[in-house]
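**Q** Here it is: the structure, laid out below.
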Amino acid sequence: MSPLDGRPVVTAAQMRAAEQLAIERGSSVAALMDHVGRAVAEVVRRIGGGGDVLVLCGSGNNGGDGYVAAAALKAAGIAVRVAASSPPRGEAAIAARAGWDGAVETLADAAPASVLVDALFGTGLNRALDDAVAAPLRRLVEGARLSVAVDVPSGVQADTGEVLGPVPAMAVTLALGAAKPAHLLQPAARLCGTVRVLDIGVTVDSDARVIARPTWTRPGPDSHKFNRGMVAVVRGRMAGAAHLAATAAMHAGAGYVVLLGASMPEAPYALVRKPLTDDALDDPRIGAVVIGPGLGRDEGMREPLDQALASDRPLVIDGDALRLLTPERIAARGGTTILTPHAGEFDALFGAGDGSKLDRARDAATRSGAVVVFKGPDTVIAAPDGRAILAGDANDWLSTAGTGDVLTGAIGAALSSGMPALDAAAAGVWLHGEAARRLGAAFIADELAVALKHARGML
Ligand SMILES: NC(=O)C1=CN([C@@H]2O[C@H](COP(=O)(O)OP(=O)(O)OC[C@H]3O[C@@H](n4cnc5c(N)ncnc54)[C@H](OP(=O)(O)O)[C@@H]3O)[C@@H](O)[C@H]2O)[C@H](O)CC1
Ligand SMILES: [K+]
């Protein structure tokens, strides 16, 4: 059982393919199910505190895992009961059911136990839970001290993170073999509780991963202000937003941050202020140009945006600037570009779509040729080559003005240090998330920008 950080994220189809490969190499569905069920039982035994257990089993292989787990718990001396929504159907699940020598109660009649194991539906969920399942599931979860979902909470669509029906929140979810998008994407992720990956003896790989603590070198004896990273932030109509981004870039560890479009010195004096002259972006030491926070969407702001797009410097584009662009225009730029849209900006730029957030972010990255940071309560970072990084579990208190500007600045700092774009975007998202976690509640964006330094100090 291990935490999610840096682990592959696979769809149900990818998981089935990995399972198929394991079978071709000599395993079988029954052997995998046996492995899974025993591993689930071991975790439940460890975290269940010796309490009695009720295992809910569905008709498919998720239910099969449940029967094996129940038998293994019983063999370990735990008081365990089983209730089923319907009889097992597949060969392996039928065999697993046969390995359980106790009674099988109906869901509607089952009494709660201190530990509930939800093995009703996993990656095979294909429609909303009907009331005959949803109502007892809720009652039994509410009646339990601890609820553990096998693979995904039943009612959660593993690939998209959609929640099909009124699904109760679980305390722990044991992701089998690898994380699925639903463990990171909202609204499903909120229902998973603590997610741990359970090794099931199947090798999985994917071009999507869970965000992990970044590798971001600290300053050394050879460091100076320019080789630590120089960030140029273009100021627009709302000076405060660019100021927040610039402050964030400084506290994320950039060596030199210049605010372009301002000339009067004011605190903080470490922030260099210069006018946005025609050659302001030509300085080859600039490692990242940040444009968009508080830029303004009026025609007058097209000029600085054109200047930024025309420069050969790596670019981070946020906020208002995203409203003045098209994916084709960004793709035509060439060079390194990172876009940081929230849902409204994303829809305006790429169109509203009905795919999963992961699919939509990937599609946007392909179309724009940019790394796309599709931010929100869950954040998907996608690169044009198909790689993706998922960050769940954001602090809800981030839903306040200016926190997006801080993220843009943090990403600018990472990019200016010379990291590849996807890594820089992920480093900024990680730093931002960690700073917010440390601040706790009701913080403001100004504090978040400063708190980046504490998160940076952890690296
Ligand atoms: N991936 C692996 O390596 C392993 C995974 N295991 C476990 O298997 C499940 C996936 O099992 P699967 O049998 O494909 O699917 P489910 O158990 O999730 O669902 C079974 C069937 O249930 C029906 N269904 C779907 N949604 C509903 C609903 N809302 N209400 C009622 N019934 C529903 C559907 O059948 P239909 O014919 O009725 O459409 C599903 O097919 C995975 O999550 C793991 O837990 C293995 O144990 C081995 C290794
Ligand atoms: K389940």
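The values are calculated or read from the model by the stated rules, or taken from the named source; none is laboratory data. Everything numeric here is computed off the predicted structure, so don't read it as measured data. Cβ atoms come from the backbone with ideal geometry, glycine included; neighbour counts cover every protein chain shown.
**Q** When you go through Ala182, Ala144 one by one, which is the residue that is more than 19 Å from Ala69 (Cβ to Cβ) and either in a helix (DSSP H, G or I) or more than 11 Å from ligand 2 (Cβ to nearest atom) (or both)?
**A** Working: Ala144 fails: more than 19 Å from Ala69 (Cβ to Cβ).
Result: Ala182 is the single residue among Ala182, Ala144 that is more than 19 Å from Ala69 (Cβ to Cβ) and either in a helix (DSSP H, G or I) or more than 11 Å from ligand 2 (Cβ to nearest atom) (or both).
**Q** Another question, if that's okay. Against the conditions (1) surrounded by 20 or more Cβ atoms within 10 Å (Cβ to Cβ); (2) outside the structural domain of Ser28 (by TED's automatic domain parsing); (3) outside any loop (DSSP other than H, G, I, E, B), where does Ala262 fall short? Just the number, please.
**A** Tallying (1) surrounded by 20 or more Cβ atoms within 10 Å (Cβ to Cβ); (2) outside the structural domain of Ser28 (by TED's automatic domain parsing); (3) outside any loop (DSSP other than H, G, I, E, B), Ala262 fails exactly one: (3).
**Q** Among the residues of region 418-459, count how many are acidic (Asp, Glu) and either under 19 Å from Ile211 (Cβ atoms) or buried (at least 20 other Cβ atoms within 10 Å of the Cβ) (or both).
**A** So the first thing to find is which residues in region 418-459 are acidic (Asp, Glu), and the list is 423, 434, 446-447.
Within this subset, residues satisfying the condition of being either under 19 Å from Ile211 (Cβ atoms) or buried (at least 20 other Cβ atoms within 10 Å of the Cβ) (or both) are 423, 434.
Residues meeting the conditions: 2.
Table: residues versus (1) without any contact (Cβ under 8 Å) to a residue 12 or more places away in the chain; (2) of a type in the set (D, E, K, R); (3) farther than 19 Å from Met15 by Cβ; (4) touching an Asp or Glu at 6+ places or on another chain (Cβ under 7 Å).
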{"position": "Gly50", "(1), (2), (3), (4)": "no, no, yes, no"}
{"position": "Val53", "(1), (2), (3), (4)": "no, no, yes, no"}
{"position": "Gly60", "(1), (2), (3), (4)": "no, no, no, no"}
{"position": "Gly63", "(1), (2), (3), (4)": "no, no, no, no"}
{"position": "Tyr67", "(1), (2), (3), (4)": "no, no, yes, no"}
{"position": "Ala71", "(1), (2), (3), (4)": "no, no, yes, no"}
{"position": "Lys74", "(1), (2), (3), (4)": "no, yes, yes, no"}
{"position": "Arg81", "(1), (2), (3), (4)": "no, yes, yes, yes"}
{"position": "Pro88", "(1), (2), (3), (4)": "no, no, yes, no"}
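**Q** Shifting gears a bit: Could you tell me whether region 378-393 includes any residue that is under 25 Å from Ala242 (Cβ atoms) and out of contact with any strand residue (DSSP E or B) (no Cβ under 9 Å at 6 or more places or on another chain)?
**A** Narrowing region 378-393 to residues under 25 Å from Ala242 (Cβ atoms): 379, 381, 391.
After this cut, where a residue has to be out of contact with any strand residue (DSSP E or B) (no Cβ under 9 Å at 6 or more places or on another chain) as well, the list is none.
Looking for residues that are under 25 Å from Ala242 (Cβ atoms) and out of contact with any strand residue (DSSP E or B) (no Cβ under 9 Å at 6 or more places or on another chain), one finds none in region 378-393, hence no.
**Q** Give the residues of region 374-417 that are of a type in the set (D, E, K, R) and surrounded by fewer than 24 Cβ atoms within 10 Å (Cβ to Cβ), sorted by residue number.
**A** The first filter runs over region 374-417 and keeps only residues of a type in the set (D, E, K, R), leaving 375, 378, 385, 387, 393, 396, 405.
Across region 374-417, the qualifying residues are Asp378, Asp385, Arg387, Asp393, Asp396.
**Q** A further question on this structure: What number goes with the only condition from (1) surrounded by 17 or more Cβ atoms within 10 Å (Cβ to Cβ); (2) in a helix (DSSP H, G or I) that Val316 does not pass?
**A** (2) is the only condition that Val316 fails.
**Q** Considering only region 191-199, I want to know if a residue exists there that is of a type outside the set (Ser, Thr, Tyr), more than 13 Å from ligand 2 (Cβ to nearest atom), more than 30 Å from Glu299 (Cα to Cα) and in a loop (DSSP other than H, G, I, E, B). Spell out how you get there, then give the answer.
**A** As a first pass, look at region 191-199 and keep what is of a type outside the set (Ser, Thr, Tyr): 191-193, 195-199.
From what is left, the residues that are more than 13 Å from ligand 2 (Cβ to nearest atom) are 196-197, 199.
From the residues that got through so far, the ones that are more than 30 Å from Glu299 (Cα to Cα) too are 196-197, 199.
With in a loop (DSSP other than H, G, I, E, B) added as a condition, the list becomes 199.
Scanning region 191-199, I find at least one residue that is of a type outside the set (Ser, Thr, Tyr), more than 13 Å from ligand 2 (Cβ to nearest atom), more than 30 Å from Glu299 (Cα to Cα) and in a loop (DSSP other than H, G, I, E, B), so the answer is yes.
**Q** Mind counting the residues in region 82-99 that are within 15 Å of ligand 2 (Cβ to nearest atom) and assigned to a loop (DSSP other than H, G, I, E, B)? It would help to see each step written out before you state the result.
**A** Of all residues in region 82-99, those within 15 Å of ligand 2 (Cβ to nearest atom) come to 82-86, 88, 93, 96.
Still in the list and also assigned to a loop (DSSP other than H, G, I, E, B): 85-86, 88.
Matching residues across region 82-99 total 3.
Rundown of residues vs (1) at pLDDT below 95; (2) touching a Gly at 6+ places or on another chain (Cβ under 6 Å); (3) away from ligand 2 (no atom under 14 Å from the Cβ), yes/no style:
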site	(1), (2), (3)
Ala31	no, no, yes
Gly49	yes, no, yes
Leu54	no, no, no
Cys57	no, yes, no
Gly60	no, yes, no
Gly64	no, no, no
Ala69	no, yes, no
Lys74	no, no, yes
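**Q** Follow-up. Does Ser27 satisfy being out of contact with any Pro (no Cβ under 6 Å at 6 or more places or on another chain), touching a residue at least 40 places away in the same chain (Cβ under 8 Å), farther than 17 Å from Gly122 by Cα and assigned by TED's automatic domain parsing to the domain that holds Phe121? Talk me through it step by step, then tell me what you get.
**A** On the way: out of contact with any Pro (no Cβ under 6 Å at 6 or more places or on another chain): yes; touching a residue at least 40 places away in the same chain (Cβ under 8 Å): yes; farther than 17 Å from Gly122 by Cα: yes; assigned by TED's automatic domain parsing to the domain that holds Phe121: yes.
Answer is yes for this residue.
**Q** Just the residues that are within 13 Å of ligand 1 (Cβ to nearest atom) and in a loop (DSSP other than H, G, I, E, B), please, taken from region 100-119.
**A** Applying the first criterion (within 13 Å of ligand 1 (Cβ to nearest atom)) to region 100-119 yields 107, 117-119.
Within region 100-119, just Leu107 meets the criteria.
**Q** Go over the candidates Ala22, Ala12 one by one and state the one that is within 16 Å of ligand 2 (Cβ to nearest atom) and within 28 Å of Gly386 (Cβ to Cβ). Reasoning before the result, please.
**A** Values: Ala22 fails: within 16 Å of ligand 2 (Cβ to nearest atom).
Every option except Ala12 fails the conditions.
**Q** Another question, if that's okay. What do you reckon, is Val36 within 16 Å of ligand 2 (Cβ to nearest atom), closer than 19 Å to Gly124 by Cα and modelled with pLDDT of 95 or more? Explain how you work it out, then say what you get.
**A** Values: within 16 Å of ligand 2 (Cβ to nearest atom): yes; closer than 19 Å to Gly124 by Cα: yes; modelled with pLDDT of 95 or more: yes.
Here the answer is yes, as Val36 does meet what is asked.
**Q** Looking at Ala394, Ala401, which is the one that is more than 17 Å from the chain's Cα centre (by Cα) and not assigned by TED's automatic domain parsing to the domain that holds Leu191? Spell out the reasoning first.
**A** Working: Ala394 fails: more than 17 Å from the chain's Cα centre (by Cα).
The conditions single out Ala401.
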